[in-house]
Amino acid sequence: MDAVAKKIAVVTGAGSGIGRAVALTLAGAGWSVALAGRRMEALESTAEAAGLSGDLLCVRADVSSPDDVAALFTAVRERYGRLDLLFNNAGTFGPGGVALEDLPYEAWRHVVDVNLTGAFLCAQAAYRLMKDQDPQGGRIINNGSISAHVPRPNSVAYTATKHAMTGLTKSLSLDGRPFRIACGQIDIGNAATEMTERMQTGILQANGQLAVEPVMDAADVARTVLHMAELPLEANVQFATVMATTMPYIGRG
């Protein structure tokens with residue numbers, strides 16, 4: 001990808017896990033990438049992992065904060081002048097193993113603020129930038145989850161926000177049509193990250209038993225995001241599911 005055709009991306013939650021894998025894959029494919037996350041040291045570690053191959057900008061941002069999100073996209077506009085891709089990835093599972101009736105309001109609110117409100121705030125800021133730039137348009141890819149389709153036990157906050165992410169994706173896709181803004185969603189099952197370490201030691205199943213679940217390399221997710229990102233704006237992967245082949249999703253419950 002030459003300098004004239006160079007594309008600009010924002011990746012939230014870029015300091016670890018899927019966000020880091022996607023940021024490194026985009027950078028390796030020639031994209032300029034703004035790395036956003038709450039921990040600057042983690043973002044800098046991602047930038048260092050890219051080495052000399054990447055044009056990377058690290059911006060500390062809590063996606064649940066409107067001021068932080070505004071500052072993030074202002075930094076992107078000032079550095080690059082435009083935006084071609086937002087990978088809306090930042091998220092949290094919340095407290096694990098807590099029964100619905102025992103889930104504190106503060107824990108529910110935190111998951112909703114990060115997973116749903118944060119995704120909306122970033123999408124809104126990206127939409128504004130993409131609508132106003134010349135040439136107009138761009139792409140938003142939301143990180144959904146297998147939990148956008150079926151829940152795990154004791155995951156009401158996470159599951160509710162991931163189901164809501166599907167509605168956000170559809171609305172963004174529809175409202176973006178007049179402005180060449182495409183929006184798709186990638187639903188991920190058991191990528192090997194810090195959030196899924198418990199899959200490999202035993203996690204509660206719908207039948208009440210604990211079971212070890214298979215995982216896949218986060219790089220496989222990143223390659224799928226890259227494919228979605230590099231399609232022309234006349235084409236869109238509306239929904240994609242990428243999962244560990246033998247994880248208990250088909251037939252879950």
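The values are calculated or read from the model by the stated rules, or taken from the named source; none is laboratory data. Predicted, not measured: the structure shown is a model, and the values here were computed from it. Note that each Cβ is placed from the backbone with ideal geometry, even for glycine, and that neighbours are counted across all protein chains shown.
What the table below lists for this structure:
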quantity	calculated
Every residue from region 151-209 that is of a type in the set (S, T, N, Q), at pLDDT 95 or above and surrounded by fewer than 18 Cβ atoms within 10 Å (Cβ to Cβ)	Thr166, Ser171
Checking Gly81 against (1) surrounded by fewer than 16 Cβ atoms within 10 Å (Cβ to Cβ); (2) modelled with pLDDT under 95; (3) under 26 Å from Asp134 (Cβ atoms), the condition it does not meet	(2)
Only listed residue being farther than 24 Å from Asp68 by Cα, in contact with a helix residue (DSSP H, G or I) (Cβ under 9 Å, 6 or more places away or on another chain) and of a type outside the set (Ser, Thr, Tyr), chosen from Ile140, Ile146, Ile181	Ile146
Unique match (being under 22 Å from Gly37 (Cβ atoms), among the hydrophobic types (A, V, I, L, M, F, W, C) and touching a strand residue (DSSP E or B) at 6+ places or on another chain (Cβ under 8 Å)) among Ala219, Ala119, Ala125, Ala211	Ala119
Considering residues of region 216-239 that are assigned to a helix (DSSP H, G or I) and among the β-branched types (Val, Ile, Thr) only, the residue surrounded by the fewest Cβ atoms within 10 Å (Cβ to Cβ)	Thr224
Number of positions in region 1-15 that are at pLDDT below 95 and not charged (D, E, K, R)	4
Options Ala107, Ala27, Ala49; residue that is of a type in the set (A, V, I, L, M) and surrounded by 17 or more Cβ atoms within 10 Å (Cβ to Cβ)	Ala27
Those residues of region 43-91 which are without any contact (Cβ under 8 Å) to a residue 60 or more places away in the chain, of a type in the set (A, V, I, L, M) and in contact with a Lys or Arg (Cβ under 8 Å, 6 or more places away or on another chain), in sequence order	Leu43, Ala49, Leu57, Ala61
